[in-house]
Amino acid sequence: MSNFALYMLGVVVVAGALACGAYMLSVPPGWIGVGAAVIVGFGLMGAVGRTRPPRDRR
């Protein structure tokens, strides 16, 4: 499993746990979807930044 896939799997687990908690607190489903999309979006940006190979600086 690649580092990118492992990172994204962790982000999805965190987003799911937070969505479950928000559901238990009776947050409207629309806002839960928005929050989950934002978390996954930030996770995607972070995964790309952390798993990109270092650039050759000359």
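Taking the range 15-32 only, how many residues are open to solvent by less than 80 Å² (accessible area, probe 1.4 Å) and touching a helix residue (DSSP H, G or I) at 6+ places or on another chain (Cβ under 7 Å)?
Residues in the range 15-32 being open to solvent by less than 80 Å² (accessible area, probe 1.4 Å) and touching a helix residue (DSSP H, G or I) at 6+ places or on another chain (Cβ under 7 Å): 4 in total.
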Worksheet item: (1) in contact with a Ser or Thr (Cβ under 9 Å, 6 or more places away or on another chain); (2) surrounded by 12 or more Cβ atoms within 10 Å (Cβ to Cβ): which one isn't true of N3, the others all being true?
Response: (2)
Discussion item. Of the conditions (1) over 9 Å from the mean Cα position of the chain (by Cα); (2) open to solvent by 50 Å² or more (accessible area, probe 1.4 Å), L9 satisfies every one except a single condition; which number is it?
Written reply: (1)
Item to complete: Could you give me the residue pairs with C-beta distances under 7 Å whose first residue belongs to the range 34-52 and is assigned to a helix (DSSP H, G or I), whose second residue is of a type in the set (S, T, Y) and surrounded by 12 or more Cβ atoms within 10 Å (Cβ to Cβ) wherever it lies, and which are 6+ apart or on separate chains?
Response: A47/Y7; R50/Y7; T51/Y7
Discussion item. For the range 40-58, which positions are within 9 Å of the chain's Cα centre (by Cα) and open to solvent by 50 Å² or more (accessible area, probe 1.4 Å)?
Written reply: V40, F42, L44, M45
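The values are calculated or read from the model by the stated rules, or taken from the named source; none is laboratory data. Computed from a predicted model, the values in this text were never measured in an experiment. In this analysis, Cβ positions are derived from the backbone assuming ideal geometry, glycine residues included, and neighbour counts consider all displayed protein chains. Ligands, DNA and RNA are excluded from the accessible area calculation, which covers all protein heavy atoms including side chains. Shrake-Rupley method; radii C 1.70, N 1.55, O 1.52, S 1.80 Å.
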